[in-house]
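The values are calculated or read from the model by the stated rules, or taken from the named source; none is laboratory data. This is a predicted model, so every value here is computed, not measured. All Cβ positions, glycine included, derive from the backbone under ideal geometry; neighbour counts span all protein chains shown.
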Amino acid sequence: MSWSTHVRDAIECVLVPATIALLPFRVGLAAARAVARIPSLYRQYTAGFAEGAARLGFAPDPAALLRRRRLYVLLDHVDLYWTRWHSDRWITRHLAVQGDWPDDGRPFVVVFFHWGNGLCGIRHLAIRGFRASLIGRPVAEEQLKRFPIALWYARSRYAASARNGRAEVIYWGGAKARITQALAEPRRTVLGAIDVPPTETHSLTPVTLLGRPTQFTHGLVGLAREQGWRLVPMHLGLDAHARGRVLRIDPPIDPSAAPLEDTMQRLADLAGERIVADPAAWWMWAWVGKFFPDATA
């Protein structure tokens, strides 16, 4: 492995995002927009991205799509430093929040999609007085051991999720009991994604996404249905001109009020709305073939 890989990781994971995080918010966001115009940055996150979006007709201007994609990736890295170095008041001041978390004492779980950025959404839950555990895949330690900076960053992301949510991360594999135990505590919740590539998970339900058949994992939704917990979809993206961030908290969904298939389709419709509104925010375009094996625009 060449030193250029270490240098690239240091620039992308530390130098650039940390420098932006030190700037006043609007100046930092303007700097991030400028940096996102550099094609050589975050190539591992843009490889196959425009091609995947083009398969479904979502890349009429591939260069513009990749610029906004790099911006989302960069802000994901900046969030690591913003949330570490700034107060709850600062975080709240720089989020345009639509909706609010349920506060009636009844338990809920947060459902999100691989769309936009999530760390400040976790922090917002804590600001509102909840302890929130991210449900995630364990860090690929063996795969990343030759890339020490990338490994540090992956570990730091999970540590940041735990710090900002004020609760431990719950990793895949035997998570059901830990989730149930967590939700038994007052003002406790968990966050889980449902748009995992179907080849990478199980407990799948057929849905229609972007007008095409695919499958979403229903593990968390099914557990909420069994336990009587509500679902609260969350999305955190940029405004149209990338001059501000918008946290959207949708109204709670009662998963026991309809068949599981209907609830999953309702969530897939929400995911589709977000993808259509801002295609560059969906992190899954490079793996679109795993969702839609035969898809062509």
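Of the conditions (1) small (Gly, Ala, Ser); (2) touching a helix residue (DSSP H, G or I) at 6+ places or on another chain (Cβ under 9 Å); (3) within 16 Å of residue 72 (Cα to Cα), residue 34 clears all except one; give me its number.
All conditions pass for residue 34, except number (2).
Only residues in the range 188-215 that are free of Cβ contacts under 8 Å to residues at least 12 places away in the same chain and under 13 Å from residue 271 (Cα atoms) count as the first member; pair them with residues that are part of a strand (DSSP E or B) and hydrophobic (A, V, I, L, M, F, W, C), Cβ under 9 angstrom, at least 6 apart or cross-chain, and list the lot.
none
Working carefully through the options 251, 293, 233, find the one that is of a type outside the set (Lys, Arg) and assigned to a strand (DSSP E or B).
Answer to the selection: 233.
Can you confirm whether residue 133 is closer than 28 Å to residue 265 by Cα and either touching a residue at least 24 places away in the same chain (Cβ under 8 Å) or not aromatic (Phe, Trp, Tyr) (or both)?
Criteria met by residue 133.
Look through 63, 59 and report the one residue that is outside any helix (DSSP H, G or I) and either of a type in the set (Gly, Ala, Ser) or under 17 Å from residue 116 (Cα atoms) (or both).
59
Do the conditions hold for residue 280, that is, is it assigned to a helix (DSSP H, G or I), in contact (Cβ under 8 Å) with a residue 60 or more places away in the chain, crowded, with 17+ Cβ neighbours inside 10 Å and of a type in the set (A, V, I, L, M, F, W, C)?
For residue 280, the condition - assigned to a helix (DSSP H, G or I), in contact (Cβ under 8 Å) with a residue 60 or more places away in the chain, crowded, with 17+ Cβ neighbours inside 10 Å and of a type in the set (A, V, I, L, M, F, W, C) - is met.
Could you please find all residues in the range 154-192 being crowded, with 22+ Cβ neighbours inside 10 Å, closer than 16 Å to residue 222 by Cα and either among the aromatic types (Phe, Trp, Tyr) or within 15 Å of the chain's Cα centre (by Cα) (or both)?
190, 191, 192
Looking at this structure, is residue 68 touching a strand residue (DSSP E or B) at 6+ places or on another chain (Cβ under 9 Å), charged (D, E, K, R), under 21 Å from residue 118 (Cβ atoms) and at pLDDT 95 or above?
The answer is yes for residue 68.
Within the group 182, 271, 224, 286, which residue is touching a Phe, Trp or Tyr at 6+ places or on another chain (Cβ under 7 Å), part of a helix (DSSP H, G or I) and within 29 Å of residue 127 (Cα to Cα)?
Of 182, 271, 224, 286, the one residue that is touching a Phe, Trp or Tyr at 6+ places or on another chain (Cβ under 7 Å), part of a helix (DSSP H, G or I) and within 29 Å of residue 127 (Cα to Cα) is 271.
For residues in the range 64-79 being closer than 18 Å to residue 240 by Cβ and out of contact with any helix residue (DSSP H, G or I) (no Cβ under 7 Å at 6 or more places or on another chain), which is surrounded by the fewest Cβ atoms within 10 Å (Cβ to Cβ)?
64
Residue 118: among the small types (Gly, Ala, Ser), surrounded by 14 or more Cβ atoms within 10 Å (Cβ to Cβ) and either out of contact with any strand residue (DSSP E or B) (no Cβ under 8 Å at 6 or more places or on another chain) or closer than 17 Å to residue 232 by Cβ (or both), yes or no?
When the stated conditions are applied, residue 118 passes them.
Quick check on the range 80-101: of everything there that is part of a helix (DSSP H, G or I) and polar (S, T, N, Q), which residue is nearest to residue 245 (Cα to Cα)?
Checking each candidate, the answer is 92.
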